[in-house]
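Participant: Mind looking over this structure? Questions follow.
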Amino acid sequence: YADELKKYNRILNKEIVDLDEDKIRSIGYVVDTIEASLWTFFRGEKYEEIVFKAVNLGGDTDTNNRNCRRYGGIYYGYKNISERLIQSLVKKEELYEIFEQYCCNLKNITDETEKQKGIKMKANILSLLSNLNNRDRKDG
């Protein structure tokens with residue numbers, strides 16, 4: 001355990017924030033991925049900037065970008081994601097269908113705690129769908 005923990009030192013000691021780009025490894029190893037994602041997140045000033053910075057970092061771009069989008073979404077919030085990025089979602093209609101299917105599956109949950117978690121998630125998903133649909137109507 002102690003040997004593995006040492007691999008996280010640059011994160012735990014907050015060194016990751018001040019490292020130069022050439023010190024960031026983006027190769028898919030879990031620690032490298034976390035470092036690359038955090039480094040990119042801390043180097044950006046808005047959601048769209050961190051998304052593109054993660055891609056331009058190279059290496060395991062899909063994983064790093066996914067993590068940066070998560071951090072950015074939490075930090076900046078949905079309303080601060082540019083309209084251009086929202087409208088460029090690939091297979092947006094299929095995402096709607098997946099969300100709706102998930103919401104329908106909530107009816108089959110019997111455990112009350114899990115059901116409450118699912119209801120909260122459903123509310124969040126429905127809010128997201130509503131926002132996406134409202135944006136579509138403005139453009140349509």
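The values are calculated or read from the model by the stated rules, or taken from the named source; none is laboratory data. Just so you know, these numbers come straight off a predicted model, no measurement behind them. Here Cβ is always computed from backbone atoms with ideal geometry, including for glycine, and neighbour counts include all displayed protein chains. Ligands, DNA and RNA are stripped out before the accessible areas are found, and what is left, the full protein with its side chains, is counted by its heavy atoms. Shrake-Rupley method; radii C 1.70, N 1.55, O 1.52, S 1.80 Å.
Participant: Over the heavy atoms of L5, what accessible area does a 1.4 Å probe trace out, to the nearest 10 Å²?
Facilitator: 70
Participant: Taking the alpha-carbon set of region 10-51, what are its Rg and Dmax in Å?
Facilitator: Using the Cα atoms of region 10-51, the pair Rg, Dmax is 9.9, 27 Å.
Participant: Separate question: Once the Cβ-Cβ distance between E45 and Q87 is put in as r, and R0 is 22 Å, what FRET efficiency do you end up with, to the nearest 0.05? Working shown, then result.
Facilitator: Working: r = 22 Å, r/R0 = 1.01.
Calculated transfer efficiency: 0.50.
Participant: Determine the sum of side-chain charges near E49: Lys and Arg each +1, Asp and Glu each -1, restricted to other residues whose C-beta is under 14 angstrom from that of E49. Could you put the intermediate results ahead of the total?
Facilitator: Details: positive: R43, K46, K53, R69, R84; negative: E45, E48.
Here the count lands on +3.
Participant: For Y78 and N13, what is the calculated FRET efficiency with R₀ set at 35 Å and r taken between the beta-carbons, to the nearest 0.05? Mind showing how you got there, number by number?
Facilitator: Details: r = 32 Å, r/R0 = 0.92.
About 0.60, to the nearest 0.05.
Participant: Oh, and also: Give the relative contact order (percent, whole number) for region 14-94; include only Cα pairs under 8 Å separated by 6+ residues.
Facilitator: 27
Participant: OK, next. Around K6, with a cut-off of 14 angstrom between Cβ atoms, what is the net charge of the other residues, counting Lys and Arg +1 and Asp and Glu -1?
Facilitator: Overall, the nearby charge balance is -2.
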